[in-house]
1. At a temperature of 25 °C and a viscosity of 0.890 mPa s, determine how fast the chain diffuses translationally according to Stokes-Einstein, using the Kirkwood radius over alpha-carbon pairs as Rh; express D in µm²/s, rounded to the nearest whole number.
2. In a Gaussian network model over the chain where Cα atoms closer than 10 Å are linked, find which of 186, 81, 224 has the largest mean-square fluctuation.
3. If each residue's Cβ is checked for other Cβ atoms within 10 Å, how do 313, 67 rank with the fewest at the top?
4. Tilt of helix 231-242 relative to the longest C-alpha principal axis of the chain, in degrees (0 to 90, nearest 10)?
5. Please provide three numbers in whole Å: the alpha-carbon extents of segment 27-179 along the principal axes, with the largest listed first.
6. Report the normalised scattering of segment 8-71 as log10 I(q)/I(0) at q = 0.22, 0.29 Å⁻¹, calculated by the Debye formula with identical scatterers on the alpha carbons.
7. Calculate how steeply helix 62-76 sits against the longest principal axis of the alpha-carbon atoms of the chain, using the helix alpha-carbon long axis, and give the answer as 0 to 90 degrees to the nearest 10.
8. Taking 0.36 nm per residue of sequence separation and subtracting the Cα-Cα distance, how much length would be gained by fully extending the chain between residue 134 and residue 186, in nm to one decimal?
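Bear in mind that the values in this text are calculations on the coordinates, not laboratory data. Computed from a prediction, not measured in an experiment: that's the story for all the values here. Note that each Cβ is placed from the backbone with ideal geometry, even for glycine, and that neighbours are counted across all protein chains shown.
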Ligand code: CP3
């Protein structure tokens, strides 16, 4: 048996990909690019295969997951695929009664607010998500040299959906628990870190070559609150998968003040939204980590010249980094013209070819 992780095995198909090289801060033939939410409503072929199939159900059909994951790779020539799923899938898999409502997002029938509610959060086993193992297996075979990124929601962002019962702008119930009952809060986040770590392990063991932890809503927190109440749980997730040696990406929105701490939590690559230029982000994160980002997703709605000028700014800042993975500062918006995405990939590749 060879238990060296795939991403560190020079003989594996994905090892020398520009994406994994950039994550490892090695020289690259061109700047790799992928987009958060690259698989989704911006693609007509996605809307077609999803017709009549609810979001969560589509995440549980391995062949459909593989098809949707591959769509943006075929169309845009991006340098990595991201596994098609959602951050609430592992919670659904352990029996939490939730749904993803179109145009709204995840909605939890009975919010988690008390110590008794914690008992509903049991451990996740690989058998709970056998469809993930199957879909990743299909994908790794199809993708060949193109790496597959696995992902999960971070404990804070998952907790916000569980406690609020759905999307929130203010996180009032979440923060009420965090400030008012720190012990219950810590136990809830610890439960979620185990579930999240187990879900990432399933994806890595099935063949994912990198993982991204989405703490999308962590930007709602002050650095002191993040450090005290959130970082320990996210750090536990990163530690749990450290032994595999696959690059670990850590992303959130509005996290300018948290970038250093998000690196400290244990990431190899820190994702940056469009509010902080990448060279400034690098100062905040410190040495020894690659950065991912950070074009404003709204720039894709501007005329081509203006879009390219914005992309140029990102590339110029990225050229000063130890490792740069080009991405948007948040997900592709559903009304984005897919041709603009394809042209952007080509622009990044040709402008950075060495
Ligand atoms: O990036 C990819 O291409 C992979 C797919 C992916 C989805 N969700 C598919 C999805 C990923 C990585 C996610 C993660 C996710 N889900 C996050 C973190 C990333 C981020 O955007 O910050 C969050 C916060 C969620 C929760 C969630 N799920 C939201 C806010 C929504 C959007 C609600 C809406 O309809 O506008 C979802 C639903 C969802 N997840 C869709 C997709 C393609 C849309 C559902 C559909 O197509 O019917």
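1. So the translational diffusion coefficient is about 121 µm²/s.
2. For the chain, modelled as a Gaussian network with Cα springs under 10 Å, the answer is 224.
3. With the fewest neighbours first, 313, 67 line up as 313, 67.
4. Value to nearest ten degrees: 60.
5. So the extents along the principal axes, rounded to whole Å, are 50, 32, 29.
6. So the normalised log intensities are -0.88, -1.18.
7. 30
8. 15.4 nm
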